[in-house]
1. Take the residues in the range 27-78 that are over 27 Å from residue 12 (Cα atoms) and of a type in the set (Lys, Arg); name whichever of them is modelled with the lowest pLDDT.
2. So which of 21, 31, 73 ends up being of a type in the set (A, V, I, L, M), out of contact with any strand residue (DSSP E or B) (no Cβ under 7 Å at 6 or more places or on another chain), loosely packed, with under 10 Cβ neighbours inside 10 Å and part of a helix (DSSP H, G or I)?
Amino acid sequence: MAITIRDTEQHQDMLDQIKTLTKQTTMSGALIKAGYAAIKYNELSERQSKEIQALYAELRQLKSKITTFNNALENLKL
């Protein structure tokens, strides 16, 4: 499979960084490996976002329970 990249001067820094990050010597190999890494990290990001949302929901529930407890305690003091 051939990959043609136009305006390579404009993108040279980015392409060099991709080659370094992927530890690939060829540009096509680096781009393919970077593509798979992008998919992997996108999936990881989506999983972590869902986990964070679940943790925030749990935190809201716990805060609500604490507020209810504190209100009940204050009512007992009256």
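1. Restricting to residues being over 27 Å from residue 12 (Cα atoms) and of a type in the set (Lys, Arg), the top hit is 77.
2. On the way: 21 fails: loosely packed, with under 10 Cβ neighbours inside 10 Å; 31 fails: loosely packed, with under 10 Cβ neighbours inside 10 Å.
Sole residue among the options that is of a type in the set (A, V, I, L, M), out of contact with any strand residue (DSSP E or B) (no Cβ under 7 Å at 6 or more places or on another chain), loosely packed, with under 10 Cβ neighbours inside 10 Å and part of a helix (DSSP H, G or I): 73.
The values are calculated or read from the model by the stated rules, or taken from the named source; none is laboratory data. A quick note: this is a predicted structure, and the numbers were derived from the prediction, not measured. Counting neighbours? That spans all protein chains shown, and the Cβs are built from the backbone with ideal geometry, glycine included.
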